[in-house]
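Everything on this sheet refers to the single structure shown next.
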């Protein structure tokens, strides 16, 4: 069991490093554009990426700490802190997706403005957590709530993609697959297959962001060809 | 009227100015915006160093893109392309 935990911690660190590089690279484009335009839409996207990067950094920081001091923890503590790092990662990721959603121009006109209501189940679960062993309950209920919120948010993103995006380009379709992978990994995480579902989740997020990175590269080529 | 993102409006203005520079009336027609609103946006762009204004021989005010303006136009095109792919802005909101 200890080996599985250490193995998961180490692979999470590896995937986290790739994830961080890809997120930072895409973030830099939005940040540069935001600095000159100060557009509210880009401000929300910038916040979304700050949250994505912070989620990865927090997950990596806790896992680094755990991998260095693994021998000093009991198996229960190791399990708890590792799960906690994934829960924190998931909650920040859900908030990031929320900012991505409200950055949609469609949110200026219709019901996407009501998506904050999605966070209510999460808050109520946290209140339940306050009554018991805070860390353990936060880890369990926070995870269920954030998984559910991410599935709903990703479904809305998928709907936006189907309504708005250009179908003739390849990368848009791949991003579509990326969203489905994010949804699928959270659905798996709701099943009792931990800790493997955690690994799967981080790998799927990594794949989705790599697709986003490829889309950025496609955008560079497309703009260069236009010139 | 259809909602247009600020990024698309700014990009339309930068496109309207182009490599050769443009009069405010041309920019307003291209960006489909009233002159005073275009002037407002241009003032901010001048302040940010994206655009300069100069007077031609016949005394008309011509707006031109600076080096920073050209770079910004490129970055904004990439950004808008990404946002269209992500489904965060309508696919017909910007046509280069």
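What follows is calculated from the coordinates using simple rules that are stated; it is not laboratory data. Please read these numbers as outputs of a predicted model, since none were measured by experiment. Cβ coordinates were reconstructed from backbone atoms using ideal geometry, including for glycine residues, and neighbour counts include every protein chain displayed.
In peptide A:28-38, what is the residue-averaged number of other protein chain Cβ atoms found within 10 Å of each Cβ? Display every interim value, and only then the final one.
On the way: counts 1, 5, 5, 0, 6, 12, 2, 3, 14, 14, 4.
Shielding by partners across A:28-38 averages 6.
Per residue of B:27-38, count partner chain C-beta atoms within 10 Å of its C-beta, then hand back the mean as an integer. Spell out each step's value before the answer.
Values: counts 0, 0, 0, 0, 0, 0, 0, 0, 0, 0, 0, 0.
So the per-residue partner count for this stretch is 0.
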Rounded D (µm²/s) - the stretch B:6-85, Kirkwood Rh over Cα pairs, Stokes-Einstein at 25 °C, 0.890 mPa s: 194
Pair residue A:159, residue A:67: separation of 7 Å Cα→Cβ label points (nm): 4.0
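At R0 = 45 Å, how high is the FRET efficiency between residue A:187 and residue B:53 if r is their beta carbon distance? Nearest 0.05 is fine. Show your work: numbers first, answer last.
On the way: r = 56 Å, r/R0 = 1.25.
That pair, residue A:187 with residue B:53, gives E of 0.20.
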